[in-house]
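Visitor: I'd like to ask you about the structure that follows.
Each value in this text was obtained by applying a stated rule to the coordinates, not by laboratory testing. Just so we're clear, the structure is a prediction, and the values are computed from it rather than from any experiment. Heads up, the Cβs are rebuilt from the backbone with ideal geometry, glycines too, and the neighbour counts pull from every protein chain shown.
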Amino acid sequence: MKTLLSLATLLLLLATAAGAADLKLGYVDLQKALSVSEAGKVAKAKIESEIAAIEDQVQQRQSDLSALQESLKKQAALLAEEARRDKELEFQQQVKDYQRYVKDKQDEMRGKEAAYTQQILRDLGAQVVELCKKEKISMMMEKSQLVYASEALDFTDKLIEAYNRAYKDGHKK
């Protein structure tokens, strides 16, 4: 019985060793691909442009609030109690509206950034599959999940090149 178990273990080890000879591993740095790829750069530029426009709007609203507050301070002594209270309530409502506007715009930008990122990551995922087929890679991993890997297993630059080609081809139409 011991001999049979040893023979089975030996056969299993030989089969594993033979299969490992065909095993090709690699990894990619998706964060680098996301930030260095053409699509990533375009998405980042779009987001930054939209953020700049929103920041201008926020600054304008903040200036309007500051002017209204200053006007309210100057008029406070001249207004009747009820009129002053109404102006203060109006100002407080505009402050709330401003804060809501800022929060909504921040949420909107986070959502857009997440949407751009998710689309690029989906596209990169498809390119990883194509790269694995082309390079006959059995298993591709993400760099951030690795403790150690040789630089020879890094396919990030090839992924970025392939993705940039596909991105440019897709945007020529």
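Visitor: Taking amide H positions as placed 1.01 Å from N in the peptide plane, with prolines and chain starts having none, which residues 5 or more places from Met141, or on another chain, fall under 5 Å of its amide H?
Guide: Residues meeting the criterion, in which the H sits 1.01 Å from N, are Gly26, Tyr27, Val28.
Visitor: So, one more: Which of these, Lys74, Lys96, Lys112, has the largest mean-square fluctuation under a Gaussian network model of the chain (Cα springs below 10 Å)?
Guide: The residue with the greatest mean-square fluctuation here is Lys74.
Visitor: Which lysines have a Cα less than 16 Å from the Cα of Lys32, not counting those fewer than 8 places away in the same chain?
Guide: The reachable lysines, counting only those whose Cα sits under 16 Å from Lys32, are Lys41, Lys44, Lys143, Lys158.
Visitor: For the range 29-44, what does the Karplus curve 6.51 cos²θ - 1.76 cosθ + 1.60, with θ = phi - 60°, yield as ³J(HN,Hα) per residue in whole Hz, taken in order and with x for Gly and Pro?
Guide: Running phi through 6.51 cos²θ - 1.76 cosθ + 1.60 with θ = phi - 60° gives 9, 5, 5, 5, 4, 5, 8, 9, 5, 4, 4, x, 5, 5, 4, 4 Hz.
Visitor: Taking the beta-carbon count within 10 Å as an exposure proxy, list Ser37, Ser49 from fewest neighbours to most.
Guide: Numbers: Ser37 23, Ser49 10.
With the sparsest Cβ surroundings first, the list reads Ser49, Ser37.
Visitor: Please express the shape of the range 35-173 as an equivalent ellipsoid: the semi-axes are the square roots of 5 times the eigenvalues of the C-alpha gyration tensor, given largest first in whole angstrom.
Guide: Values: eigenvalues 587, 46, 24 Å².
Values for the range 35-173, descending: 54, 15, 11 Å.
Visitor: While we're looking at this one, here's another question. Can you work out the Karplus-derived ³J(HN,Hα) for every residue in the range 147-153? Use 6.51 cos²θ - 1.76 cosθ + 1.60 with θ = phi - 60°, whole Hz, and x for glycine or proline.
Guide: My calculation for the range 147-153 gives 7, 8, 7, 5, 4, 5, 8 Hz in order.
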